[in-house]
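The values are calculated or read from the model by the stated rules, or taken from the named source; none is laboratory data. Quick caveat: nothing in here was measured; it's all calculated off a predicted structure. Ideal geometry is used to build each Cβ from the backbone, glycine not excepted, and the neighbour counts take in all protein chains shown. Just so you know, the surface numbers come from the protein's heavy atoms only, side chains and all, with ligands and any DNA or RNA stripped out. Shrake-Rupley method; radii C 1.70, N 1.55, O 1.52, S 1.80 Å.
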Amino acid sequence: TQKPIVVIGKDVSESIKEGMSSEELATYNASFGNLTSVLKEKYDVKVYAFGNNVRENPTDSLSDKSTNISEFLTYLYDTYSHQNLGAVIMATDGIYNEGSNPIYAGAKLSAPIYTVALGDTTPRRDLIVKRVFYNKIVYLGDKFSIQVDVAANNCVGEHTNLVISKVANGTQQTIKSVPIAVNRQNFFTTKEVILDANQAGVQHYRITLNKVKNEVTVANNTKDIYIDVLDARQKILLLASAPHPDVAALKSVLKGNKNYQVDVKFVNSSNINAAAYDLAILHGVPSKKHNSDAILNILNQKNIPRLFVVSSSTDIPKLNQIQDVINISGDGSNTNEVQGIVANNFSLFTLEDNLKKEISRFPPANAPFGEFKEGGNAFTFLYQKIGKVDTKYPLLIFGERQNIKTGVFCASGIWKWRLFDYLQNQNHDVFDEFISKTIQYLSVKEDKRKFRVNLTQNIFKENEKIFFDAELYNNSYELINNPDAQLSITNSDGKEFKFTFSRKGKAYSLNAGIFPVGNYTYTGSVNQDGNLLKSAGKFSVKPVQLEVFETTANHGMLKLLSEKFGGTMVLPNQINSISELLESKGTVKPIVYQTTKTRSIINLRWIFFLLSGLLILEWFLRRFWGGY
């Protein structure tokens, strides 16, 4: 006989504690303890807590930062769908702020659900910052939008201000203030605020509604958000010997990518700070008419990657001198019309089949007439097709010398490629991808550090565990993890937390656990062959405020949930009646298993020996008495 299983689920989120007084909470816990004892006499009782997640054997601590009721119902189905689940008893206020609507989440559950409706359904006088929409990552120098949903209950006729403040070093500075007039009982509005990303790093903003008279709580008047402002935008110098449609085509592609900041300059311009850029695109440079030696020298000194675009203005003999990717004979006074063919063995970056096909259809560009000879360590991306003849002359080629990546596009007129792409496809996607792949390869910076500590993100929730990964390389850049690696995390008050990495495969890993709200710096260190290697970074932990933004219990949803699954909704003072409801329902019954086992009589050896003995005895007696 197997007892039926009765599952008790208790909501342990912060909203439960806020919705009951200490006396009510004590009575509620005592009633549930008594119910559990009564049910255990007849049923196999399993007790769970749910909030941030589902777990067994809950404590009375009501501290979870979110509520996911649908996850609890899904967990029950996954765990007990093939067992004798008799009933589910779920105590909650019906407020869920994560997951889907519970009415639909447990659609496959076959057991009745009895809900204990906690909390207060009476709307109270309250201002609420409901939701805040914003980009978690923005780039330095950009403007970004924050959209705030504001709600108010029973505050008609009141006036408040939506204040946007920036929090730094323990101080709060007001940036924007938006007046709001509450003109109806159930008030809702959305306000948008545009801010400037003028400082790199994780920025802490606080959205606050000024309180009104007799407001029930101000905990939901404030919401904190964290935005990671990146100064990772790469600066690209588009340097031309003269105005050209190619320059406009290249600029259009680069301007459309937020990762790039492009400046268009001409060789004869003054005050060109070439050292300030991460990549240089040189159209018609080195020029026949203008001296560009100073700019080229700076690019070499700073190891800045570059892409040469050969045009009628290019000084080809000088181009051959300043790079060893390709050598072009002739002076460029005569040209050929050439199309591009993607090299079969090109492996520096991947290309979609559609891109390869479309490039071969692009209209001809103008390449210098002459011989083209590849450099020793060069990789050809595109070969030239002259008329109907496929040649082995490079059209686009890459190489690297002294850690300086160099590309040479041996023709001009790629502006026609962009127009043709739009004519064929009504967009510039193919051309933009072609240029983006080229720029991305040249501009990407290889990480040459032998020890690296990595985080999957820079901003964590206060109920989220923080995991670190680390990699250590030897002189041959082979992954190793022989020496011990340490990590030190320091909060804004200077308090230090020290950890030791665990080995995982050939790398390191660390679960640092949960950290309080605040800003932190970390430094990883390892001693390799007598050299102390370090890797540092920053992260922030933001508060989870979901539970304070909805204060009215949703008993209507609980009633619908119970009715849908054949159960009943009860109030906290009716908890002890649930055992009687289960009895009267008559569906929570044990399962009796009966097993019958049959085997052949030949397996009973004692019968075999008994029969054999009787036969032998009969034979002996007959012989003895002369019966034969």
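Points to keep in mind about this one:
- Shown for segment 226-347: the carbon plus sulfur share of the solvent-accessible area, taken with all protein chains present and a 1.4 angstrom probe, equals 41%.
- In sequence order, segment 146-160 has phi-based couplings of 10, 10, 10, 8, 10, 10, 8, 10, 6, 10, 4, x, 8, 10, 9 Hz under the Karplus curve 6.51 cos²θ - 1.76 cosθ + 1.60, θ = phi - 60°, and Gly or Pro positions carry x.
- Where trypsin sites (Lys or Arg not before Pro) fall in DSSP loop in segment 335-364, at most 16 other Cβ within 10 Å: Arg361
- Whole-number percent relative contact order across the chain, with pairs defined as alpha carbons under 8 Å at least 6 apart: 14
- Counting 0.36 nm for each residue step from Leu419 to Ala219 and taking away their Cα separation leaves a gain of 66.3 nm.
- Over segment 236-356, relative contact order from alpha-carbon pairs under 8 Å, at least 6 apart, %: 22
- Contact order relative to length of segment 1-70, as percent, for alpha carbon pairs under 8 angstrom and 6 or more apart: 46
- Calculated from the structure at hand, log10 I(q)/I(0) by the Debye sum over Cα atoms at q = 0.08, 0.09 Å⁻¹ is found among (1) -0.62, -0.79; (2) -0.75, -0.94; (3) -0.86, -0.97 as (3).
- Interchain or long-range residues, amide H under 5 Å from Val262's placed H: Ile236
- Computed FRET value (nearest 0.05) for Ser269 with Thr189, which takes r as the C-beta separation and R₀ as 60 Å: 0.75
- Sulfur and carbon atoms: percent of accessible area, segment 46-118 [1.4 Å]: 43
- Computed about the Cα centre, the dipole magnitude for the chain is approximately 940 debye when only Lys and Arg (+1) and Asp and Glu (-1) carry charge, each at its Cβ.
- Applying the Karplus relation 6.51 cos²θ - 1.76 cosθ + 1.60 with θ = phi - 60° to segment 180-185 yields 3J(HN,Hα) values of 9, 10, 7, 10, 8, 5 Hz, where x marks Gly and Pro.
- Between the residues Ser252, Ala219, Leu237, the greatest Cα displacement towards the positive end of the dipole of segment 206-263, with unit charges on the Cβ of Lys, Arg, Asp and Glu, is found for Ala219.
- Residue-normalised accessible area of the chain, given per residue in Å² at a 1.4 Å probe: 53
- For segment 212-228, Karplus couplings with θ = phi - 60° (6.51, -1.76, 1.60), whole Hz, Gly/Pro x: 10, 5, 6, 6, 5, 8, 10, 5, 9, 8, 10, 9, 9, 10, 10, 10, 8
- Nearest 10 degrees, 0 to 90: helix 22-39 Cα axis against the chain principal axis: 60
- Once the Cα-Cα distance is subtracted from the 0.36 nm per residue extended length, the Leu571 to Asp196 segment shows a gain of 129.9 nm.
- DSSP beta bridge pairing in the chain, given as percent antiparallel to the nearest 5: 70
- Using a Förster distance of 56 Å, the FRET efficiency for Gln83-Asn291 (Cβ separation, nearest 0.05): 0.10
- Rounded to the nearest 20, the size of the Cβ-charge dipole of segment 399-488 about its Cα centre is 360 debye, with Lys and Arg at +1 and Asp and Glu at -1.
- Highest-first arrangement of 575-581, 235-241, 597-603, where packing means the average Cβ count within 10 Å: 235-241, 575-581, 597-603
- Distance between the pseudo-spin-label points of Gln594 and Lys211 (7 Å out from Cα toward the beta carbon): 7.0 nm.
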